[in-house]
Every structure is written in C-alpha cells, then in structure tokens.
Amino acid sequence: MIHLKTKEELELMYLSAQLVSKTLGMVASEIKPGVSTIKIDKMAHDFIKDHGGEPAFLGYGGFPNSLCMSPNEQVVHGIPNEEPLKDGDIISVDCGVLMNGFVGDHAYTFEVGEVSAEVKELLKITKESLYIGIAQMLPGNRVGDIGHAIQTYCESHGYGVVKELVGHGLGREMHEDPQVPNYGRRGTGKVLKEGIALAIEPMINLGTDKVRFHNDGWTVTTRDKQPSAHFEHDAAIIDGKPRLLSTYRYVYEALGIQSDEEEPFLYKK
Ligand code: MG
Ligand code: MG
C-alpha cells in the first residue's frame, strides 16, 4: 500500500533528506586517493549523529556500517573497509538517515582523482537519467513511466540497466511501496498521486546489465567486472509537480561544480 504524505510529513522528510545531502557534501570533501572507505564511513556516522540524526543503514537487515560504499565494479551495498581508494577509481556512496521518524536515502558516485573519459561519461549519463526519471513524477503518470524514461535514455547510450535492484517508496520506512524499477513500459504500474514520495535510483553499468550477488549477503558487482554508477534522489509530488527533497548542492559546493540541473525541481530555493 502506498502511503501518500501530507505537507507536514513532507516537511519532515525534507529535513531528513537535507541531512543526508549535507552528509554526502562532507563525504565529497574527504574522497581522495589513499583514503579508506572505513575512515569516511566513521566520519559520516559521527556527522549524522552530531546533526541530530541516526544512520539508517547501520544495523538495517544486519548491515554493519553507516554508508554503503561501492567502488568500480560494485553496483551497490558495498561494505566499507581498510582498502585505500586509488586514483582513477569511482566510488558510489549511498547514505541513509532517520530523523523525526522519517528516512532520507541519497546516493552519489564520486570520481577519485582522474578517471577515464569513458567512465566520466557513464557518471554523467546516469545522473542525467535520474532527472529524466524524476521529471515523470506527475499526477496521473505511472511508475512504469519513470522506469521507461530512465531505461530508454541509458540504453540509447549502450549501457546496461540493472534489473534486480530497484528504487522505492520512502517515508517512515526506508523501503515502502511502490517498487520503482529503472526499466519498464509506459503507462503501466501504480498511478502517481499528490504526496507520493519516492527514492529514484538508477544503477547503470558500463557493460552488461547482469550482476552477481556475493556470499557476504551484501556486495553486488557487475558480472563483467566493468564499472557501475549509482545516483539517488528523494523526490515527491508537491502541488502537482516533481519536487526534490534531497540535493547535490553540498556535494557541488565541496567539489567546486556549477550546476543548474536541480532548478526545475526545487522544493525550496
Ligand atoms: Mg540509497
Ligand atoms: Mg534507496
């Protein structure tokens, strides 16, 4: 059952989503060659606590850390470790926060040092597909419209769209109805309505769409070991329009990136 949110609930969700956004901004300034993912995980844990939130991933289904950190061929759910990041790596960072009873869930794939042009393009197209998906969040559209838009765009660039992992409804629970696949057919699936809140999260592979689930119960990698990108925003239909609850503003401030990509979807200026 889909829980449509009231304006008051969306206001609280916005605060949770903003805290994950600020956490990813802090992470952005720490990611560089030589740093271990476990060190960044610890910093994120403390940052979330210091700002009045709880790390929502820690202990979720037994997950051991506050961040999912998935380098290179890891798609999602990577467990932070002592391994130092290397120049040319990419690292997908997924962060969850619980605050005021509501969850924020937000991800960004960072470049470590200088990455290849081919991988840069994968990141660019994956992030663009996220906004193309969010643009479909209009009253009367359906869940399949979101997936169709993301899939069509990414496959037109020759990328593999992961099918076994999907986006989701978001609210008091991290995973609520409906599931939001990054593929689909237009005009199919649940109808989108005012107050629906979704975590939309394309997971896009440079090569094959096929993935492998590892024995640690978490790590997911591409079958062909080529890189995978993951970007995730929290968005809701508010006053009949798609509105972002999360933002990459803090990531971009940390990295010195200029962008107006969020402009059409701003909930608050
Ligand atoms: Mg996430
Ligand atoms: Mg999610």
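Values quoted throughout were computed directly from the atomic coordinates according to the rules given, and no laboratory measurement underlies them. Since this is a predicted model, take the numbers as computed values, not measurements. A quick note on method: Cβ atoms are made from the backbone with ideal geometry, for glycine too, and the neighbour counts reach across all protein chains shown.
Below is a table of values for the structure above.
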read-out	value
Filter result for residue 151 (polar (S, T, N, Q), surrounded by 15 or more Cβ atoms within 10 Å (Cβ to Cβ) and touching a Gly at 6+ places or on another chain (Cβ under 8 Å))	yes
All strands (runs of 3 or more DSSP E) inside the stretch 117-218 with 1 or more residues being basic (Lys, Arg)	211-213
Residue within the stretch 189-208 that is among the charged types (D, E, K, R), within 16 Å of ligand 1 (Cβ to nearest atom), in contact (Cβ under 8 Å) with a residue 60 or more places away in the chain and touching an Asp or Glu at 6+ places or on another chain (Cβ under 6 Å) present	yes
Boolean, residue 73 is more than 12 Å from ligand 1 (Cβ to nearest atom) and in contact with a Lys or Arg (Cβ under 6 Å, 6 or more places away or on another chain)	yes
Meets criteria (buried (at least 21 other Cβ atoms within 10 Å of the Cβ) and free of Cβ contacts under 8 Å to residues at least 60 places away in the same chain) for residue 251	no
Any hit, the stretch 95-105, residues being buried (at least 24 other Cβ atoms within 10 Å of the Cβ), away from ligand 2 (no atom under 13 Å from the Cβ) and within 16 Å of the chain's Cα centre (by Cα)	no
Criterion violated by residue 218 - all others in (1) free of Cβ contacts under 8 Å to residues at least 40 places away in the same chain; (2) surrounded by 15 or more Cβ atoms within 10 Å (Cβ to Cβ) satisfied	(1)
Residue that is more than 30 Å from residue 116 (Cα to Cα) and surrounded by 17 or more Cβ atoms within 10 Å (Cβ to Cβ), where the choices are 160, 184	184
Cross-chain or 6+ apart pairs with Cβ under 8 Å, the stretch 19-36 first and free of Cβ contacts under 8 Å to residues at least 24 places away in the same chain, then surrounded by fewer than 23 Cβ atoms within 10 Å (Cβ to Cβ) and among the basic types (Lys, Arg)	30/39
The stretch 74-93 - residue that is part of a loop (DSSP other than H, G, I, E, B) and surrounded by fewer than 21 Cβ atoms within 10 Å (Cβ to Cβ) and, of those, nearest to ligand 2 (Cβ to nearest atom)	79
Residues of the stretch 209-235 that turn out to be within 16 Å of residue 176 (Cβ to Cβ) and away from ligand 1 (no atom under 16 Å from the Cβ), as a count	0
